[in-house]
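Please treat every number below as a calculation from the coordinates, not as lab data. None of these values were measured; they are calculated from a predicted model. Here Cβ is always computed from backbone atoms with ideal geometry, including for glycine, and neighbour counts include all displayed protein chains.
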Amino acid sequence: MKIMHCPLNGPRNISEFVHGGEVREMPDPLTCSDREWADYVFYSDNKAGVVTEWWLHAPSGYWFIAERHTVTDDILKTYDPSEIFNQRVDFSFAEEPAAAPKEATA
């Protein structure tokens, strides 16, 4: 049985975790193109070696970061995201789509 250390819940069976993709720098959503945003959301480097990744402990809903070697599948380190992220991204700037004009009824 493979064990992964959750920073919140301690050592747990690997079946309790869901891979969330690589930790990458997010492009500026106000200035990036649709292609740049799609690349950020849907594609990864998929390199051989040590990769920093998002992981979810599904039973508790806790997201954390793990450093994993993609060739050996060894998990080298796990830690809380607050160790590298110190501010939230505010997406409230997005405007609501304009409502279609209503037709006048007689």
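Taking amide H atoms as placed 1.01 Å from N in the peptide plane, the amide H of Gly21 lies under 5 Å from those of Trp54, each 5 or more residues away in sequence or on another chain. One equal scatterer on each Cα of the chain, no solvent, Debye formula: the resulting log10 I(q)/I(0) at q = 0.11, 0.16, 0.17, 0.20 Å⁻¹ is -0.49, -0.84, -0.92, -1.13.
The stretch 14-50: which GluC sites (Glu not before Pro) are DSSP loop and have at most 12 other beta-carbon atoms within 10 angstrom?
In loop regions of the stretch 14-50 (DSSP not H, G, I, E or B), the sparsely surrounded GluC sites (Glu not before Pro) are Glu25.
Sparsely packed loop sites in the stretch 40-82 (the chymotrypsin sites (Phe, Trp or Tyr not before Pro) outside DSSP H, G, I, E and B with at most 12 other Cβ atoms within 10 Å) comprise Tyr43.
Please report, in debye to the nearest 20, how large the charge dipole of the chain is about its Cα centre when each Lys and Arg carries +1 at its beta carbon and each Asp and Glu carries -1 there. Could you put the intermediate results ahead of the total?
Working: 9 positive and 18 negative charges, 87 e Å.
Charge dipole, the chain, about its Cα centre: 420 debye, nearest 20.
Taking other C-beta atoms within 10 Å as the exposure proxy, Thr31, Thr72 rank Thr31, Thr72 from fewest upward. Between the residues Cys6, Gly20, Trp55, the greatest Cα displacement towards the positive end of the dipole of the chain, with unit charges on the Cβ of Lys, Arg, Asp and Glu, is found for Cys6.
Only Cα pairs under 8 Å and 6+ residues apart enter the sum, and on that basis the relative contact order of the chain stands at 22 percent. Neighbour counts of C-beta atoms inside 10 Å place Arg68, Arg12 in the sequence Arg12, Arg68, starting with the fewest. Amide H to amide H distances under 5 Å link Tyr62 with His57, where only residues 5 or more positions off or on other chains count and H is placed in the peptide plane.
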